[in-house]
Amino acid sequence: MPTSDYENSGPTREEIDATTGPLVLEFGTGWCEYCQAAQPHIAAAFGAFPDLPHRKVEDGPGRPLGRSFRVKLWPTLVVLRDGKEVSRVVRPTSAGEVRQALAAGAESGS
């Protein structure tokens with residue numbers, strides 16, 4: 001289920017690489033208009049995947065996790081399974097495109 005706030009000091013890349021199962025990392029900031037506009041779409045998409053872990057990580061200059069995933073625009077959702085990227089969506093404008101990315105992560109373990 002989506003959370004409301006971005007983690008100021010998110011996990012390290014080593015922690016992410018060591019995760020098992022699915023995980024969605026959402027990179028952005030609370031003040032970003034694109035991030036704010038995408039929240040209803042993201043929340044609606046997660047409605048179909050209520051058990052999918054979701055971490056919102058604050059991104060910006062000097063934030064190594066976002067750089068390690070080559071994040072350039074906000075929000076960017078990176079869908080992982082066992083620490084490996086399986087899909088991503090950048091600046092989503094519909095719940096459908098977010099849902100499609102989440103489905104790829106949820107299904108990749110089957």
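General remarks:
- Of Glu33, Glu58, Glu85, the one that fluctuates the most in a GNM where the chain has Cα springs shorter than 10 Å: Glu33
- Antiparallel beta bridges, as assigned by DSSP with both residues in the chain, represent about 65 percent of the total such bridges.
- Most fluctuating residue given options Ala37, Ala45, Ala18, as computed from a GNM of the chain linking Cα atoms under 10 Å: Ala18
- Table column - 3J(HN,Hα) (Hz), region 58-72, Karplus curve with 6.51, -1.76, 1.60, x for Gly and Pro: 5, 10, x, x, x, 9, x, 5, x, 5, 5, 9, 6, 6, 10
- Nitroxide proxy distance, nm - points 7 Å out along Cα→Cβ at Glu97 and Glu14: 3.6
- Using only side-chain charges placed at the Cβ, +1 for Lys and Arg and -1 for Asp and Glu, the dipole size of region 13-107 relative to its Cα centre rounds to 260 debye.
- The equivalent ellipsoid that matches the C-alpha gyration tensor of the chain spans semi-axes of 19, 18, 11 angstrom, in descending order.
- Across the chain, the longest piece that holds none of the trypsin sites (Lys or Arg not before Pro) lying in DSSP loops with up to 11 other C-beta atoms within 10 Å covers 1-69.
- Relative contact order of the chain, pairs being alpha-carbon contacts under 8 Å that are 6 or more residues apart, as %: 36
The numbers here are math on the coordinates, done by the rules we state, and not lab data. Worth saying up front: this structure is predicted, and the values here are computed from it rather than measured. Here Cβ is always computed from backbone atoms with ideal geometry, including for glycine, and neighbour counts include all displayed protein chains.
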